[in-house]
Each structure stands twice: as structure tokens, then as C-alpha cells.
Amino acid sequence: MSMTKTFPDYQQTNGWNALLPAREASPALQGDLTSDVLIIGAGWTGIAAAKRWQSLSPEANIVLIDASEIGEGNPGRNSGFLLEIALAEDANPDQLEKMNVCNRLTAATMADILAEIEDTGLPVDISKAGTYRAAASEAGLKSLNNYRAFLNAAGLQFESLNQAALKSRIGTGIYQEGLFSPDCYLAQPAAAIRALASNLPESVQLFENTPATKLTRSANGWQVLTPNGTLTTQQLVLANNAFSKELGIARSRLVSMYTYAGLTPVLERSVLDDLGSESNWGLLPTHRLGSTLRQTKDGRLMVRSMHGYEKESPRSEIEAGLKIRLQKRFPQLPSFELEHCWGGAVGFTYNGGAVWGEVKPGLFVSAGCNGGGTVKGTLLGKLLAEAAHGIKVPDVPELFGRASWMPPEPIRGLGFKLSSTIESHQGRHEL
């Protein structure tokens with residue numbers, strides 16, 4: 001894929017979406033259209049921004065566009081972890097007051113998501129199953145201990161687990177130590193984002209398969225070019241994560257990272273009986289380049305791992321790497337193939353901070369999810385709409401950080417490859 005692609009154009013279909021019944025997409029934009037508000041990206045952030053904007057300005061003409069289809073695009077390609085508390089990467093036991101504010105905001109947002117999904121009446125696999133975090137080496141134990149210190153300081157519930165306890169529950173003996181936190185929901189992410197999109201107000205016009213290819217300032221606000229038409233708007237919201245940089249926004253602070261996931265077929269009962277006592281669980285790595293794992297309610301294993309810089313790797317390479325990581329954790333698995341294998345683009349920043357707020361008159365951005373774009377992204381989309389209306393909101397840069405500068409290419413790419421090589425070696429037992 002070209003480094004200047006303004007939207008992800010995935011080689012592989014999303015496995016989560018493939019498990020669901022077919023859905024009829026909203027039509028793509030044809031011709032020219034004018035709106036009061038245009039939101040680019042119909043994901044967790046964009047949908048939340050559209051709903052909150054409409055509630056604050058019911059008379060506003062709001063248009064929401066997405067480069068792909070709901071469920072097939074980026075928001076449905078994640079691992080389905082919806083955390084009620086701060087991400088491990090954000091957690092800092094030395095800044096407890098700030099962390100407590102983040103936890104309250106995140107928990108309230110999660111409650112809103114659950115209420116909205118329930119309101120649709122659609123069958124969405126989502127449950128408060130909690131999450132495991134586990135370390136296979138000294139490198140992982142350091143991060144695990146930091147997260148444990150944060151949970152302790154915040155007075156949050158968790159359970160420490162040794163190697164035997166982890167193996168008894170989730171069937172793998174690779175991890176030396178871990179913990180279980182109940183403050184996490186596990187969801188079928190494509191089903192969840194489909195449900196949220198189905199509940200958009202009727203006054204919000206949704207156009208799917210409508211990528212934004214160029215952004216320019218106009219006399220009346222902003223003009224966005226798409227393959228089959230032009231959108232002119234007074235106020236523009238970019239909720240397309242790292243791809244906002246390809247529209248000329250925050251180029252020096254964002255990078256697209258591709259991560260990869262695979263799902264096995266439904267496993268035989270005899271195999272599942274050998275994979276521990278838990279039947280619906282998820283594990284997040286302590287090392288940022290480590291492997292995420294899930295066992296789904298219908299008896300599949302999911303693994304998410306490996307990283308690609310600014311472009312998607314070929315399926316053969318992805319599949320081989322993911323199978324190695326799954327077999328490493330579950331050597332008792334019989335010979336297997338991955339039924340589904342796919343990639344997803346994640347917006348990363350150098351220091352983990354966000355690109356958020358009004359960056360130019362009438363241009364609002366929420367980007368740089370750093371792998372936490374579900375609950376946190378929903379919160380930031382809602383707050384962005386409120387800030388655009390002059391409502392006093394929590395200090396997002398103070399709470400979640402402000403994205404720092406990164407050097408231009410090719411130095412940026414070379415730096416990533418060097419740092420990832422070093423980190424991969426240091427955390428090789430966690431990969």
C-alpha cells in the first residue's frame with residue numbers, strides 16, 4: 001500500500017465480520033453535498049461524536065462518511081476488549097488523582113455503550129468477562145508489576161495468579177505470572193460497532209464506501225473530495241485516526257501501524273477440554289509488541305500479534321507468524337489452520353499521547369488511539385462534540401497526554417525499525 005493512502009484498503013476481509021449475517025451497507029456518496037457538520041470515520045469515535053453533536057444541535061445537518069463498511073472497517077477489526085479502567089499503557093501509580101478521573105470517565109462511557117447496544121435490541125455477544133495480563137519473562141514482569149501497583153493504588157479489584165493457576169484457567173503454561181482484572185468486557189467487535197451504527201439519529205446521513213481523498217479550506221468552511229463527489233461543510237471532524245495525517249493533519253505526530261489477528265475454526269470439544277476451565281476469556285500482553293489471546297464463547301481461539309509499519313503484510317507471512325505464536329502458547333493443539341486472518345491499522349504516537357481538539361478553525365480531530373480506540377475513543381469523540389459547542393470538558397491532553405513530535409521520513413521509519421528490533425529482542429519471550 002502506498003505511504004500516501006488516505007484510508008486503509010485491506011487485503012483480507014475481517015474475520016469477526018465474516019462470522020456475522022450479511023448486512024446491507026448504506027449507499028456511497030454520489031454527487032456534491034453541503035452540510036453543517038461532516039465527520040470522517042464511522043467508528044467508535046466518529047459515531048460517538050455524531051450522536052453527541054446531534055443531541056446538542058438537533059437542527060444541524062450532519063453527514064458521516066466511512067471509507068469502508070460498518071463492521072468490515074477498522075472499528076470491527078480489533079480484539080474486542082472494552083476496558084472500564086485505564087489502559088495499562090496509560091496507567092501510572094504515581095499520578096493516582098489523574099488516573100481516578102480517567103477511570104471514572106471510562107467507566108461512565110462503558111455504561112453508555114452497553115445501554116446503547118441494549119437499546120438496539122440486536123444480538124451482540126458482549127459480556128463482563130474480565131481480562132488476564134500475564135508475563136513470560138523478566139521484561140514482561142516489569143510491566144506487570146507496574147500495572148499491579150496501579151491497580152493497588154487505585155483500590156481496584158484484581159487477583160494475582162501463578163503459572164499453575166493460569167494454566168488451569170486458560171490452558172497455557174508459557175506465562176510465569178499474571179493477574180486477572182474483572183473491569184473489562186469482551187465483545188464481538190464487528191457486531192458491537194454494527195449495533196452502535198444502527199442507532200444513529202435519523203437526521204445523521206451515513207455514507208459508506210466513501211473515502212475522503214483530499215481536504216481543502218474553502219470560503220464556506222471545508223471541502224472534502226471523495227471518489228464520486230465533493231462535500232462542503234462548515235465544521236469538520238476527523239475521526240479516522242492515523243489517516244488524518246494523509247489529509248494533511250498532524251503529519252509529524254502520527255504513524256500507521258498494522259497489527260494482525262487470526263481466528264481458528266470452532267475447536268472440538270475434546271480439544272477445548274484441554275484448554276483450561278474458562279470458556280470465554282481474553283489476555284492482553286504486558287509487552288507492547290506481545291500477543292493478545294482470546295477464547296470465544298463459540299469455542300475458537302484468537303491470536304493478535306505482529307506489527308507492520310505503514311503497510312499491510314501479505315497473508316502468507318501473517319498466517320505463518322500467528323500460527324507459531326498460537327502453537328507456542330498451546331502446544332497441546334492438534335494440527336490446525338486459521339479460518340480467518342486479517343490486519344488492522346492502528347494510529348500510534350511517539351509518546352502515547354493523543355491528537356485531540358480544534359487544530360484549525362472549524363476543524364476538530366481525535367486521533368492517535370494507540371491501540372485503545374474503543375471505550376477511550378468513544379469518550380474522546382463525545383468530548384470533542386461538546387468542546388466544539390463551547391461546553392467545558394475535562395482536560396484531555398492533561399489526562400491522556402498530548403502527542404509529541406516525530407522526525408520525518410525516512411528517519412521515522414528507520415527509527416521505528418531499530419527500536420522495534422531492540423524491543424523485540426528484549427521481549428522475545430513475550431512475542
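Tell me, what HN-Hα J-couplings in whole Hz come from the Karplus equation 6.51 cos²θ - 1.76 cosθ + 1.60 at θ = phi - 60° for each residue of region 22-32, using x for Gly and Pro?
So the J values, rounded to whole Hz, are 4, 10, 7, 6, 5, x, 6, 5, 10, x, 9.
Which angle between 0 and 90 degrees, to the nearest 10, do you get for helix 411-426 versus the longest principal axis of the chain when only C-alpha atoms count?
Value to nearest ten degrees: 20.
Karplus couplings for region 96-105 from phi (6.51 cos²θ - 1.76 cosθ + 1.60, θ = phi - 60°), rounded to Hz, Gly and Pro as x?
Once rounded to whole Hz, the list reads 5, 4, 5, 5, 5, 5, 4, 5, 5, 5.
Please state the charge dipole magnitude for the chain, taken about the Cα centre, from unit charges on C-beta atoms (+1 on K and R, -1 on D and E), reported in debye and rounded to the nearest 20.
Values: 39 positive and 43 negative charges, 200 e Å.
Using Cβ point charges on Lys, Arg, Asp and Glu, the chain gives about 960 debye.
What's the center-to-center distance, using Cα atoms, between region 47-114 and region 150-169 in Å?
What the calculation gives is 26 Å, centre to centre.
Tell me, what is the percent relative contact order of the chain, built from C-alpha pairs under 8 Å that lie six or more residues apart? The partial results should precede the final answer.
Values: 945 pairs, mean separation 104.7, N = 431.
It rounds to 24 percent for the chain.
Ranked highest first by average number of other Cβ atoms within 10 Å, how do 333-341, 218-226 line up? Please report the intermediate quantities before stating the final value.
Numbers: 333-341: 14.7, 218-226: 16.8.
Peptide ranking by packing, descending: 218-226, 333-341.
Which entries in the list Lys98/Lys360; Lys245/Lys392; Lys167/Lys417; Lys167/Lys297 go over 25 Å, if you measure between the two C-alpha atoms of each?
Going by Cα-Cα distance, Lys98/Lys360; Lys245/Lys392; Lys167/Lys417 fall outside the 25 Å limit.
What angle, in degrees between 0 and 90 and rounded to the nearest 10, separates the Cα long axis of helix 315-329 from the longest principal axis of the Cα atoms of the chain?
Between the helix axis and the principal axis of the chain, the angle is about 40 degrees.
Contour minus end-to-end for Thr213 and Thr120, with contour as 0.36 nm per residue of separation and end-to-end as the Cα-Cα distance? Numbers along the way, then the final one.
Values: separation 93, 0.36 × 93 = 33.48 nm, distance 3.25 nm.
Contour length minus the Cα-Cα distance gives 30.2 nm.
Just need the relative contact order of region 177-244 here, percent rounded to a whole number, with Cα pairs under 8 Å and 6+ apart. Don't skip to the end; give the middle numbers.
Numbers: 45 pairs, mean separation 10.9, N = 68.
In percent, rounded to a whole number, it is 16.
Quick one: which residues, 5+ away or cross-chain, put their amide H under 5 Å from the amide H of Tyr350? H built at 1.01 Å from N.
Ser404
Output the 0 to 90 degree angle, nearest 10, between the alpha-carbon long axis of helix 189-198 and the longest principal axis computed from the alpha carbons of the chain.
Once rounded, one gets 30 degrees.
Relative contact order for region 113-255: what is it in percent, counting Cα pairs under 8 Å that are at least 6 residues apart?
Working: 172 pairs, mean separation 31.5, N = 143.
With pairs under 8 Å counted, the relative contact order is 22 percent.
Given a Förster distance of 51 angstrom, what is the FRET efficiency for Ala164 paired with Glu398, based on the Cβ-Cβ distance and rounded to 0.05?
Numbers: r = 42 Å, r/R0 = 0.83.
Using R0 = 51 Å, I get an efficiency of 0.75.
Under the Karplus relation 6.51 cos²θ - 1.76 cosθ + 1.60, θ = phi - 60°, what is the ordered set of whole-Hz ³J(HN,Hα) values for region 216-232, x standing for Gly and Pro?
9, 7, 10, 4, 9, x, 9, 10, 10, 8, 10, x, 10, x, 10, 10, 10
Calculate how many DSSP beta bridges within the chain are antiparallel, expressed in % of all such bridges and rounded to the nearest 5.
Details: 52 of 74 bridges.
Once the DSSP bridges in the chain are tallied, antiparallel ones form about 70 percent.
Quick note: the coordinates plus some simple rules give every number you see, no bench work behind them. Just so you know, these numbers come straight off a predicted model, no measurement behind them. A quick note on method: Cβ atoms are made from the backbone with ideal geometry, for glycine too, and the neighbour counts reach across all protein chains shown.
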